[in-house]
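Right, one structure below, let's go through it.
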Amino acid sequence: MRKFEIIKEPIITERSMQLVETNNSYTFVVDKKANKVEIKKAIEQIFNVHVVSVRTINVVPKKKRMGQYEGYTSGYKKAIVKLVDGDSIEAFAV
């Protein structure tokens, strides 16, 4: 898998920005098949930073309904990446 196929997009919410400020941890949507080692290598190569740890979460699809139509939201894998103190990622700069 290529590094740009592993990391799909950053997650920018109030909670993720709070993690950036307090823990120096960044949140990304990643490929479902990617493991922690692949995620770590991809982040280090793309953003030129040093990763301390990677935590992954499988977000399950939720059932949604619009009138008579039912369906599911798409499930995805989320990675929370903790960086070495002093390193930062520009995509999360406000």
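Where a number appears in this text, it was derived from the coordinates with a stated rule and is not lab data. Treat the numbers as computed from the prediction; the structure is a model and nothing was measured. We place every Cβ from the backbone using ideal geometry, glycine too, and count neighbours over all the protein chains shown.
Some observations on this one:
- In the range 1-15, residue farthest from T27 (Cα to Cα) [restricted to those that are assigned to a strand (DSSP E or B) and in contact with a helix residue (DSSP H, G or I) (Cβ under 7 Å, 6 or more places away or on another chain)]: I7
- Qualifying position, being within 22 Å of M1 (Cα to Cα) and exposed (fewer than 13 other Cβ atoms within 10 Å of the Cβ), among K40, K64, K36, K32: K32
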